[in-house]
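Worksheet: one structure, shown below.
The values are calculated or read from the model by the stated rules, or taken from the named source; none is laboratory data. If you're wondering where the values come from, they're calculated on a predicted model, not measured in any experiment. Here the Cβ is made from the backbone with ideal geometry for all residues, glycine too, and neighbour counts use every protein chain on show. The protein model used for the area step is the full one, side chains on, heavy atoms only, and it has no ligands, DNA or RNA in it. Shrake-Rupley method; radii C 1.70, N 1.55, O 1.52, S 1.80 Å.
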Amino acid sequence: MQIRWLGHSAFEITSDEDLKILIDPFISNNPVCPVTVEEVDADIICVTHGHSDHFGDAMEIANRTGAVIVANHEHSVFLSKQGLETVGMNIGGSIQIHNIKITMLNSNHSSDMDFIEEIGAGGSSCGYIIQLESGRKIYHSGDTGLFGDMKTVISDIYNPQIALLPIGDRYTMGPLEASMAVKWINPEIVIPMHYNTFPVIKQDPEEFARRVESINKETKVVILEPGEIYKE
Ligand code: NI
Ligand code: MN
């Protein structure tokens, strides 16, 4: 299994059975993304919400690769009308694609589809638990503020081993809140995201790492550069 960070909240997960799962494929307008849209491959694309820095190039990549797009019901209706294959779902539910189980979870954010002219209603923003063939679970929180479900639902029921959490502040949690999220979720590994893409979300990931170290020593902070891979 490997996780490649494409900058911002975009990740490419390659499963043990070699399935490619893209989350929030913000590629072409992402100033720190190391790859082009044409270079990206996918079997499954998960979109957390309708903001263009997350929805990104989902349609173009799905059109070219034939990947199925997993998204909330409202996005799914919109995408179906564009002729794309989608799996619509909603918060609290799970689906299975091949041997990958995907659960949609709450997030504390907004979700209008700002890539549509005049902005379309986009349903709720969300996070995902991606359970790989091995049973290992990756939690991608999407954009979110700190919220209590992390301490209860996400920790008690799903207990993900790997968490991908935003630390950029302003639009999401910053290092302070994200370090508390780590304490509540208590994953083995946390990878920070949604920072240093633009000047308004400039952050020092080392500050986040120090905060995690001081309140939850069991979790290892893995700081990636865009394009870098975490492998296990
Ligand atoms: Ni957003
Ligand atoms: Mn965002």
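A few remarks follow.
- Condition broken by Leu224, with the remaining ones in (1) crowded, with 16+ Cβ neighbours inside 10 Å; (2) more than 16 Å from ligand 2 (Cβ to nearest atom); (3) not in a loop (DSSP other than H, G, I, E, B) satisfied: (3)
- In the range 30-53, the residues that are more than 14 Å from ligand 1 (Cβ to nearest atom) and either among the acidic types (Asp, Glu) or assigned to a loop (DSSP other than H, G, I, E, B) (or both): Pro31, Val32, Cys33, Pro34, Val35, Thr36, Glu38, Glu39, Val40, Asp41, Ala42, Asp43
Okay, residues lined up against (1) at pLDDT 95 or above; (2) open to solvent by less than 10 Å² (accessible area, probe 1.4 Å); (3) acidic (Asp, Glu):
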residue: Val87; (1), (2), (3): yes, no, no
residue: Ile97; (1), (2), (3): yes, no, no
residue: Ile100; (1), (2), (3): yes, yes, no
residue: Met104; (1), (2), (3): yes, yes, no
residue: Ser111; (1), (2), (3): no, yes, no
residue: Ile116; (1), (2), (3): no, no, no
residue: Gly127; (1), (2), (3): yes, yes, no
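- Residues that are within 22 Å of Phe11 (Cα to Cα) and not charged (D, E, K, R), drawn from the range 213-223: Thr219, Val221, Val222, Ile223
- Count of the range 152-188 residues which are more than 16 Å from ligand 1 (Cβ to nearest atom), open to solvent by less than 70 Å² (accessible area, probe 1.4 Å) and not in a helix (DSSP H, G or I): 7
- Residue check for Asp204: under 19 Å from Thr48 (Cα atoms), open to solvent by 10 Å² or more (accessible area, probe 1.4 Å) and of a type in the set (D, E, K, R): no
- Screening Asp24, Asp43, Asp53, Asp18 for residues that are within 14 Å of ligand 2 (Cβ to nearest atom) and surrounded by fewer than 23 Cβ atoms within 10 Å (Cβ to Cβ) leaves exactly one candidate, Asp53.
- Residues of the range 137-173 classified as within 21 Å of Ala10 (Cβ to Cβ), away from ligand 2 (no atom under 16 Å from the Cβ) and small (Gly, Ala, Ser), total: 1
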